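The values are calculated or read from the model by the stated rules, or taken from the named source; none is laboratory data. No experiment lies behind these values; they were computed from the predicted model shown. When we count neighbours, we look across all protein chains shown, and the Cβ atoms used for this are built from the backbone with ideal geometry, even at glycine.
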Amino acid sequence: MKELTRRKRLRHFLIALFTVFIFVLPFFVSNNYYLSVLVVIGIHTTVVVGLCLLMGYAGQISLGHAAFYGLGAYTSGILTSTYNISPWLAILAGAMGTGIVAYIMGIPIFRLKEHYLALATLGLGLIIHVVFMEEVELTGGPSGLSKGIPYLAIGNIVFNTDFKYYFLVWTVALLAIILANNVVHSRIGRALRSIHGSEIAAQSLGVDTGKFKLQVFALSAVYASIAGSLYAHYITFISPSPFGLMTSIQFVVMAVVGGLSNIWGPILGVTGVTVLTEGLKSIVPQLIPQAGGEYEIVVFGLILVIIMIFLPEGLTSGVVRLYEEWRYRKERADETS
Amino acid sequence: MRLLEINNLTRSFGGVLAVNDVSFSVDKGQIIAIIGPNGAGKTTLFNLMTGIYPPTHGTIMFKGTEITGLTAYQIARLGIARTFQNLQIFNNMTVLENVMVGRHIKSKTGFLGAIFPVWPVQREEREIVEHSLDKLAMVGLTDQAMQPANSLPYGRQKMLEIARAIALEPELLLLDEPAAGLNSTETRELIDTIYNLRDQGVTILLVEHDMETVMEIADRLVVLNFGNKLAEGTPYEIQNNQEVITAYLGEEGSGC
Ligand SMILES: Nc1ncnc2c1ncn2[C@@H]1O[C@H](COP(=O)(O)OP(=O)(O)OP(=O)(O)O)[C@@H](O)[C@H]1O
Ligand SMILES: [Mg+2]
């Protein structure tokens, strides 16, 4: 079918264009702080791409993804610093281990739906976070791993600067996007979307909806885990605090802001939310000196409410819709004048 | 050949006996209509046959094997497809993609193939598209293939559900009120499609309120009333059955 091929070409063209943009961008960013923000955006994008597969395509929710992000970070951190295992092997081990944990924990959790599912994933996230806090022998407890985590390296290239790490992180993020895009436009992707569209109809067409929910949950956990490993090797120190409920909520907000069922949603959502929170970090202390970190939750709440009211499809599709409505109104105005 | 055999099927919801001790059987290649007033248990019967929920009592045999207690997706894989009284279109997909989901059990790409679409995966994808376009052509939706499914008018959406259901090449097709909400042209097209499918060897079980349509196309009818089987027979027998006439007249003919 011509139209199908045309749409596919367009998608591939946009991805290629974006890839070029990403790899040229750092040469024009001289400020190290901005580079580090771009690195974090790349890491978070990887998580959110996976989360969008789960939320936007399969229509399920997870309020515990920071825990999978943490499992990747801790597996990498512990295996490399305490046991001197190769960082790349550690990333692989983290991804596989996290995938398996998600799959097994998912079996009881995905018997639930909607609010109950949200609560159960939230609970799962909290439990894993408690393990990070309490398994002092293994994780160093609240104060974090005591030994330093090594930088990643390929041969002689050591990824020890923001500039170098940028390329590594964004290669992974782009791969995450491309592979997710492949999934979405496949038999599996349609099966996932059918669950979202009508679970009962999906089952009546022979889709084992339970199995697919577990698989996509595990896949999204693997995405989060790899991102977590990259985070650990970037910061070279980890403690439980970035892997709690707040981060899980942040991921969900990013996913929702960008738009759940569009491959460009995650990048837009992560960038938007990151720029906003970074901006607030510098402004809020000046305006309200006594404000603690809690204002973030208020901001996330506000963003979520505003998006849900005005752009329920998220920024990507929402902006397209607003544009079309505007054009339609303009055409009408032109006709009548 | 006996395709479907329903024995003493019962389903209660709380105190309500939605289906009560219903037995009948369906031979291959027939068009069977299930009729009855609102709330008679017709949709419940379909839900039991397709594994949406299990029966309280009774058994369902399909092609000589028992399917009672199987899940919905297992039953679909054995060759029973259905449409829904209250549309269950995948609103988040195009018309074509809706039908492509119907090819799910006839294709086998897994997660790994989906992530890395090597050549055999792409070939299978093309087969899925071609097959789905064939089904869309059967119901006259070729031109709308690339539209979002929810942009179709109601009547077209009902035809889309049929296209999606037959994409899995079922031996038994269950249609729950396919003519409801269709205008007379659309109803005509529907009837043609049903005949077409029957000629291709698909056995069809349909729930329908429109008596004219039912009497025209059904080989046999099963009449339900308050969950009980009231009568069974050819259109002629049913039209002249005193019990059936009473049940319908008791309603002043409303809603049927
Ligand atoms: N999931 C359910 N929970 C509780 N009661 C139900 C459920 N499904 C059906 N019922 C009840 O079972 C009875 C039969 O319902 P059913 O939908 O099968 O009727 P129907 O013959 O399809 O009616 P209609 O012509 O209105 O579609 C009704 O009294 C209905 O209220
Ligand atoms: Mg009904």
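Tell me, which residue of region B:91-100 that is β-branched (Val, Ile, Thr) and assigned to a helix (DSSP H, G or I) is nearest to the other protein chains (Cβ to nearest Cβ)? Out of the qualifying residues, it is B:Val99.
Taking region B:51-86, which residues are within 13 Å of ligand 2 (Cβ to nearest atom) and under 24 Å from B:Arg156 (Cα atoms)? Within region B:51-86, B:Arg82, B:Thr83, B:Phe84, B:Gln85, B:Asn86 meet the criteria.
Among the residues of region B:101-112, write down those that are assigned to a helix (DSSP H, G or I) and crowded, with 24+ Cβ neighbours inside 10 Å.
Within region B:101-112, the subset assigned to a helix (DSSP H, G or I) is B:101, B:104-106, B:111-112.
B:Val101, B:His104 - these are the residues of region B:101-112 that are assigned to a helix (DSSP H, G or I) and crowded, with 24+ Cβ neighbours inside 10 Å.
What strands (runs of 3 or more DSSP E) completely inside region B:1-90 contain at least 3 residues that are assigned by TED's automatic domain parsing to the domain that holds B:Leu197 and more than 21 Å from B:Gly201 (Cβ to Cβ)?
On the way: elements: B:2-13, B:16-27, B:31-35, B:57-62, B:80-82.
Correct list: B:2-13, B:16-27, B:57-62.
Of the residues making up region B:50-69, those that are within 11 Å of chain A (Cβ to nearest Cβ) and not polar (S, T, N, Q) are B:Gly51, B:Ile52, B:Tyr53. The set of residues in region B:27-50 that are closer than 20 Å to B:Gln239 by Cα and either more than 14 Å from the chain's Cα centre (by Cα) or within 14 Å of ligand 2 (Cβ to nearest atom) (or both) comprises B:Ala33, B:Ile34, B:Ile35, B:Gly36, B:Pro37, B:Asn38, B:Ala40, B:Lys42. Does region A:197-216 contain at least one residue that is within 26 Å of B:Leu78 (Cβ to Cβ) and away from chain B (no Cβ under 12 Å)? Yes - at least one qualifying residue is present in region A:197-216.
Output the residue which, of all residues in region B:162-217 that are among the hydrophobic types (A, V, I, L, M, F, W, C) and over 16 Å from the mean Cα position of the chain (by Cα), is farthest from ligand 2 (Cβ to nearest atom).
Of region B:162-217, the ones among the hydrophobic types (A, V, I, L, M, F, W, C) are B:162-163, B:165-168, B:172-175, B:179-180, B:182, B:190-191, B:194, B:197, B:202, B:204-207, B:211, B:214-215, B:217.
Next, only the ones that are over 16 Å from the mean Cα position of the chain (by Cα) stay: B:182, B:211, B:215.
Numbers: B:Leu182: 16, B:Met211: 16, B:Met215: 19 Å.
Step by step, filter region B:162-217, then rank; the result is B:Met215.
Only one of the listed residues (A:Ile78, A:Ile100) is more than 15 Å from A:His233 (Cβ to Cβ) and aliphatic (A, V, I, L, M). That residue is A:Ile100. Which condition number does B:Leu48 fail, the rest of (1) surrounded by fewer than 22 Cβ atoms within 10 Å (Cβ to Cβ); (2) within 16 Å of ligand 1 (Cβ to nearest atom) being met? In the conditions (1) surrounded by fewer than 22 Cβ atoms within 10 Å (Cβ to Cβ); (2) within 16 Å of ligand 1 (Cβ to nearest atom), B:Leu48 misses (1) alone. Pairs meeting the criteria (first residue in region A:108-122 and in a helix (DSSP H, G or I), second residue surrounded by fewer than 17 Cβ atoms within 10 Å (Cβ to Cβ), beta carbons under 6 Å, at least 6 apart or on different chains) are A:Ala120/A:Leu112.
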